[in-house]
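Novice: The structure that follows is given in the form of structure tokens.
The values are calculated or read from the model by the stated rules, or taken from the named source; none is laboratory data. Here the structure is a predicted model, which means the values were calculated and not measured. Cβ placement follows ideal geometry from the backbone for every residue including glycine, while neighbour counts extend to all protein chains displayed. Areas reflect the complete protein model, heavy atoms only, side chains present, ligands, DNA and RNA absent. Shrake-Rupley method; radii C 1.70, N 1.55, O 1.52, S 1.80 Å.
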Amino acid sequence: MRKEVVITVAVLSALASVLFFMTQNTRFESNIIACKHIKNNFKITYAQLKKDPVISFEKNNQALKKLSITSIEENSFQFEHQSSNYKLNLEKLIAVETLSGETLIYECELTKFKM
């Protein structure tokens, strides 16, 4: 009877450690940032900024575009679309759009998906 208990505990602990290591190793990651302002809204999708500095950008439900990031800092990144410059703060979840001297501030929401 003791052998059965020891074997059961060993199998359960091995299974728990395998599941733990599987959760620590993500194979796919997707981040979606949706930003809203009274005039406009936009959505950004990216996998990882440091490895692949390309984002998908959709503004006011227009066509999805691939854009390159111009600058990556610790908690923010910048990119350009048409004649607008965007700076997104990932810590405060605020985006700033600068267009011909006009500045729009967006409130953003981040959704992360890991698999």
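Novice: Using amide H atoms built in the peptide plane, which far-off residues or other-chain residues are under 5 Å from residue 90 H to H?
Specialist: Answer set, sorted by chain and number: 76, 77.
Novice: Shifting gears a bit: Only Lys, Arg, Asp and Glu count, each charged at its Cβ (+1, +1, -1, -1), so figure out the dipole size of the chain about its Cα centre, rounded to 20 debye.
Specialist: About 440 debye.
Novice: Hey, another quick one. For the chain, what % of the accessible area comes from carbon and sulfur atoms, probe 1.4 Å?
Specialist: 57
Novice: Further question: Hey, can you rank 86-99, 55-68 by average C-beta count inside 10 Å, highest first?
Specialist: With the highest mean Cβ count within 10 Å placed first, the list reads 86-99, 55-68.
Novice: Can I ask one more? Tell me the label-point distance for the pair residue 104, residue 73, using the 7 Å Cα-to-Cβ offset, in nm and rounded to one decimal.
Specialist: Each label point lies 7 Å from its Cα, and together they span 2.2 nm.
Novice: Please express the shape of the chain as an equivalent ellipsoid: the semi-axes are the square roots of 5 times the eigenvalues of the C-alpha gyration tensor, given largest first in whole angstrom.
Specialist: They are 44, 13, 12 Å, listed largest first.
Novice: Moving to a separate point now. Applying 1/(1 + (r/R0)^6) with R0 = 22 Å to the Cβ-Cβ distance of residue 89 and residue 37, what FRET efficiency is obtained, to the nearest 0.05?
Specialist: 0.90
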